[in-house]
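Novice: Let me give you the structure first, and then I'll get to my questions.
The values are calculated or read from the model by the stated rules, or taken from the named source; none is laboratory data. In this text, all values refer to a predicted model and were calculated from it rather than measured experimentally. Cβ sites come from the backbone with ideal geometry, for glycine too, and all protein chains shown count toward neighbours.
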Amino acid sequence: MSFLRPGDIKRFKSQQVTKSAWMYLADFLWCPVLWRHTMPFNAVQLEPHDDVAVAICTVLSYATGSLIHCVCTFLSVVLQLINILLVDDHELVRTGISRILKDERGLRVVAEASSGEQAVQYCRNETTEVIPPDVVLMDMNMPGIGGMAATKRILHYCPDIKVLALSVSFEEPVPTKVMQMGAAGFISKNAAPKEMIDAIRKVAAGQRYISDEVAQKMALSKIQSNSQNPFDELSERELQIMLMITKGGKVNDIAEQLSVSAKTVNSYRYRMFEKLGISGDVELTHLALRHGMIDIV
């Protein structure tokens, strides 16, 4: 067991340290200096199920003026609090989902984002002011890089975060591609609140979850060879650009958001047109609507 020394206090305050609650209690009792310079509990990431040690720390911290931090840590451990980042470009949707989750024990919306870019930025922010999410509830159809690209980036930079995809359009190949990227689950926006809550709890526990409606579409797409979706032929990047174009994105704007040249975006466009047997963005949008790839908002 490694104990804190008085000289470690400054380092401890500036870094997030993962410790057992029992180790933290031992440090607390061992070093009287900590009683005069009580460290905020939000600087410590406690291991779950150390309830007794957390309770003792709560009493000690009360004596030193850190009751608020103690209570937050105690509740997080005992209730196994699941921190959620809510990502959707519609404020009304975010507000509705946030209110549903607010009444659920053990679930907490720590932040909201209106785009994939904001979601990636939040997840990569390692400052103490930001509470890292355990689960990201990610809308797939958003302006900018969209939910698919945001999911891929978040899982690349923060592999411990669980992404639960949420979409009103769940025609293949989007669900399959999202799950292959490493998403923990995919649910329909038509799902009941109880199903969404169950899905959040399951993915937070390390399980994978696909709602019945989405799973049925995924299964049927594998056996209905006569009605094959032409979008199955698109690569991941082509599919991403297709979704951005059908949302009204201009070539230069898409190029800037993806950090590529306009020439590269046009190359993908013409490659898509050839694969799909079309000749322009209007036809692309009509085809996407016909196959349920996008929805009319």
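Novice: Is there any pair with a first residue in segment 191-214 that is farther than 19 Å from Gln80 by Cβ and a second that is among the aromatic types (Phe, Trp, Tyr) whose Cβ atoms are under 6 Å apart and which are 6 or more apart or on different chains, and what are they?
Specialist: From segment 191-214, the pairs are Ile210/Phe186; Val214/Phe170; Val214/Phe186.
Novice: Quick test for you: out of Glu112, Glu129, Glu172, pick the one residue that is surrounded by 19 or more Cβ atoms within 10 Å (Cβ to Cβ) and in a loop (DSSP other than H, G, I, E, B).
Specialist: Glu172
Novice: Against the definition (in contact with a Phe, Trp or Tyr (Cβ under 8 Å, 6 or more places away or on another chain) and over 20 Å from Met148 (Cα atoms)), how does Asp212 come out, yes or no?
Specialist: Criteria not met by Asp212.
Novice: Now for a separate question. If Ala165 passes every condition in (1) buried (at least 24 other Cβ atoms within 10 Å of the Cβ); (2) out of contact with any Phe, Trp or Tyr (no Cβ under 9 Å at 6 or more places or on another chain); (3) among the small types (Gly, Ala, Ser) but one, which one does it miss?
Specialist: Ala165 satisfies every listed condition except (2).
Novice: Where residues in segment 158-189 are in contact with a Lys or Arg (Cβ under 7 Å, 6 or more places away or on another chain), of a type in the set (A, V, I, L, M) and closer than 15 Å to Gly146 by Cβ, which of them is modelled with the lowest pLDDT?
Specialist: Result: Val168.
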